[in-house]
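Structure, as structure tokens:
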Amino acid sequence: MALLVRGEDERIEVCDADLDGVEDGDVETFYTVRVLTQRVIDEIRARHTKQIVNKATHRREPVTDDRAMAEDLLDYLLVDWRGIVFKATRLPVPCSKEYKTQALAGARVEALFKLAGVNETERAADRAASFPATPRVD
């Protein structure tokens, strides 16, 4: 069987109850996740990396703000959600960076990153989808 590579524009919808590692997930909460590519990771890492002089070696070394990078990656990969509401009003919570980092943590975030998967592949349903017949050249 062949391996299928997901495209950068592909969107995946998943129920909170179906997220790997999330216990007692909510069956009424859904997330729309975008595929996370190495190009995007590199761009976001570059935005959060500064060259700092190492006092011991007196050389410039890259230092990345890992927390800010993780927040931007989550903001990028989580496109939308439904079923997340404010406790007091029961109104929907906007799917903004501010609320993404407040509402989600731990196993949910890990599961969403895994779902967005860097260079993740899956097996094609059949061999013909991956290895179409090649016209014979005589």
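The values are calculated or read from the model by the stated rules, or taken from the named source; none is laboratory data. These figures come from a predicted structure and were not determined experimentally. FYI the Cβ positions are ideal-geometry reconstructions off the backbone, even for glycines, and counts take in every protein chain you see.
The table below gives the values:
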| item | result |
| --- | --- |
| Cβ pairs under 8 Å, 6+ apart, first in region 66-80 and touching a residue at least 24 places away in the same chain (Cβ under 8 Å), second surrounded by fewer than 15 Cβ atoms within 10 Å (Cβ to Cβ) and not in a helix (DSSP H, G or I) | Val79/Arg11 |
| Residue under evaluation Arg45, criteria (1) surrounded by 14 or more Cβ atoms within 10 Å (Cβ to Cβ); (2) out of contact with any helix residue (DSSP H, G or I) (no Cβ under 8 Å at 6 or more places or on another chain), criterion not met | (2) |
| Residue in region 56-68 that is touching a His at 6+ places or on another chain (Cβ under 9 Å) and of a type in the set (A, V, I, L, M, F, W, C) present | yes |
| So Glu98, is it over 20 Å from Val33 (Cβ atoms), of a type outside the set (A, V, I, L, M) and either surrounded by fewer than 16 Cβ atoms within 10 Å (Cβ to Cβ) or at pLDDT 95 or above (or both) | no |
| Residue selected from region 14-39 under the condition part of a loop (DSSP other than H, G, I, E, B) and among the small types (Gly, Ala, Ser), by the criterion surrounded by the most Cβ atoms within 10 Å (Cβ to Cβ) | Gly25 |
